[in-house]
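First comes the structure, then the notes that go with it.
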Amino acid sequence: MADIVSEETALERAIALVHAGQPVALPTETVYGLAADATNGAAVARIFEAKGRPRFNPLIVHVADRAMAERIGRFDALSRKLADAFWPGPLTLVVPLAPDAQIHPLVTAGLASVGLRMPRGFAAKLIAAAGRPLAAPSANSSGRISATTAAAVAADLGDRIALVVDGGPTPVGLESTIVKVEPDGVRLLRPGGIAAEEIEAVLGVPLLRGDAGGIEAPGMMRSHYAPRAGLRLDADRVAPGEVLLAFGPERIAGADKAVLVLNLSPSGDLREAAANLFSHLQALDRSGASVIAAEPVPATGLGEAINDRLRRAAAPR
């Protein structure tokens, strides 16, 4: 089983594993990631193997600074503007791959573009100290609920990796927002830890939405983030034997008969709800109930990302 080591004492061991081509589970501000050297094909392959991830699904490359990012991708003026506003932080920019980028083709799934993000915290320290960009999808089995604690990572992937770096619960709780500059605007490929409205305020124009024409970034598969139990969205009542994913101060009919109730945010705070989403889904899934009923969540602000995750978690598998 993987060792769980606090981030205060894990850096040297994590560097050694990265240089040896091994993946490391680590905290970011969004969710826990499974990180490995993005320039090493064998290391990247170990990410896919540990997660059971389809190889047509690209990975995000995490960088220490803008100089590293611009050695990997080609930045236009709008991408630079967004990086200035939101890096380091939970925004991924999909940009054309630089001709001489030292990124293994497995990372990009053969695409001519690459998703780049500059994280905070331990991940940033590791990238800078190891001197390598890190490919790092969420640290969970492919298609399942993302991990927001070290214990959740260990319970899922602990027999497949050597090290889980424990940085406590992740503060954002949702994966990064992913955008791509296109000829007619900036497209939202995946809502996430930065609300679309914040990005639109910087751009001064609305984001493009809708089908981008294939999988260009992580989190775009129809079924994703799925619990083992069925998930029933926008529930207006709880059926016998169901558990309830609640939101806000008021309950739907039958909530008092639910096997278990967990509230994303009793006050209706969407930032609190985002931080709790995956851990609450995991806890409800562990109850053994066959169905999770989910109360409606507003689709504004971070609610757009929460609803995106819930729809994909509820999709046919």
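The values are calculated or read from the model by the stated rules, or taken from the named source; none is laboratory data. The structure displayed is predicted, hence computed values, not measured ones. Cβ coordinates were reconstructed from backbone atoms using ideal geometry, including for glycine residues, and neighbour counts include every protein chain displayed. These area figures cover heavy atoms from the full protein model, side chains too; ligands, DNA and RNA do not enter into them. Shrake-Rupley method; radii C 1.70, N 1.55, O 1.52, S 1.80 Å.
Sort out which residues of the stretch 119-145 are more than 14 Å from Pro27 (Cβ to Cβ), touching a strand residue (DSSP E or B) at 6+ places or on another chain (Cβ under 9 Å), at pLDDT 95 or above and open to solvent by 20 Å² or more (accessible area, probe 1.4 Å), and write them in order of number. Selection gives Arg132 alone.
Quick grid of which residues meet (1) within 13 Å of Val94 (Cβ to Cβ); (2) surrounded by fewer than 24 Cβ atoms within 10 Å (Cβ to Cβ); (3) hydrophobic (A, V, I, L, M, F, W, C):
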position: Arg160; (1), (2), (3): no, yes, no
position: Val164; (1), (2), (3): no, no, yes
position: Gly167; (1), (2), (3): no, yes, no
position: Val181; (1), (2), (3): yes, yes, yes
position: Val186; (1), (2), (3): yes, yes, yes
position: Glu198; (1), (2), (3): no, yes, no
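The set of residues in the stretch 25-67 that are of a type in the set (Phe, Trp, Tyr) and open to solvent by 20 Å² or more (accessible area, probe 1.4 Å) contains only Phe56. Screening Glu8 with (1) assigned to a loop (DSSP other than H, G, I, E, B); (2) modelled with pLDDT of 95 or more; (3) touching a Pro at 6+ places or on another chain (Cβ under 7 Å) gives one miss only, at (3).
Looking at the stretch 92-109, is at least one residue in contact with a Pro (Cβ under 6 Å, 6 or more places away or on another chain), at pLDDT 95 or above and either part of a loop (DSSP other than H, G, I, E, B) or surrounded by fewer than 20 Cβ atoms within 10 Å (Cβ to Cβ) (or both)? Before the answer, list the steps.
Taking the stretch 92-109 first, the residues in contact with a Pro (Cβ under 6 Å, 6 or more places away or on another chain) are 108-109.
Cutting the leftovers down to at pLDDT 95 or above gives us none.
No, that holds for no residue.
A Cβ distance below 7 Å, combined with a sequence gap of six or more or placement on separate chains, defines the contacts here; from the stretch 301-315, residues that are farther than 8 Å from Ala226 by Cα and in a loop (DSSP other than H, G, I, E, B) reach no residue that is open to solvent by less than 20 Å² (accessible area, probe 1.4 Å) and modelled with pLDDT under 95.
Go through the residues of the stretch 236-247 one by one and say whether even a single one is in contact with a Pro (Cβ under 9 Å, 6 or more places away or on another chain), modelled with pLDDT of 95 or more and surrounded by fewer than 20 Cβ atoms within 10 Å (Cβ to Cβ). Within the stretch 236-247, one or more residues are in contact with a Pro (Cβ under 9 Å, 6 or more places away or on another chain), modelled with pLDDT of 95 or more and surrounded by fewer than 20 Cβ atoms within 10 Å (Cβ to Cβ).
Report, by residue number, each residue of the stretch 238-268 that is free of Cβ contacts under 8 Å to residues at least 40 places away in the same chain and part of a strand (DSSP E or B). Selection gives Ala253, Val261, Leu262, Asn263. The single condition among (1) assigned to a strand (DSSP E or B); (2) touching a residue at least 24 places away in the same chain (Cβ under 8 Å); (3) open to solvent by 50 Å² or more (accessible area, probe 1.4 Å) that Leu78 does not satisfy is (1). Remark: Thr39 falls outside the filter, which requires a residue to be within 26 Å of Ala154 (Cβ to Cβ), assigned to a loop (DSSP other than H, G, I, E, B) and touching a residue at least 60 places away in the same chain (Cβ under 8 Å). Every listed requirement among (1) out of contact with any Pro (no Cβ under 8 Å at 6 or more places or on another chain); (2) farther than 15 Å from Ile47 by Cβ; (3) surrounded by 22 or more Cβ atoms within 10 Å (Cβ to Cβ) is met by Thr148 save one, (1).
None of Leu91, Leu126, Leu106 is within 29 Å of Glu304 (Cβ to Cβ), in contact (Cβ under 8 Å) with a residue 24 or more places away in the chain and not acidic (Asp, Glu) except Leu91.
Among the residues of the stretch 254-275, which ones are over 23 Å from Gly241 (Cβ atoms) and crowded, with 18+ Cβ neighbours inside 10 Å?
Our first condition is that a residue be over 23 Å from Gly241 (Cβ atoms); within the stretch 254-275, this holds for 265-275.
Residues satisfying the conditions are Ser265, Leu270, Ala273, Ala274, Ala275.
With the condition kept exactly as written, say whether any residue in the stretch 11-24 is out of contact with any Lys or Arg (no Cβ under 6 Å at 6 or more places or on another chain), surrounded by 18 or more Cβ atoms within 10 Å (Cβ to Cβ), among the polar types (S, T, N, Q) and in a loop (DSSP other than H, G, I, E, B). Yes, the stretch 11-24 has at least one match.
For the stretch 276-300, residues that are part of a loop (DSSP other than H, G, I, E, B) and either open to solvent by 40 Å² or more (accessible area, probe 1.4 Å) or charged (D, E, K, R) (or both) total 8. When Gly193, Gly219 are checked against the criterion of being part of a loop (DSSP other than H, G, I, E, B), at pLDDT 95 or above and open to solvent by less than 40 Å² (accessible area, probe 1.4 Å), Gly193 stands alone in meeting it.
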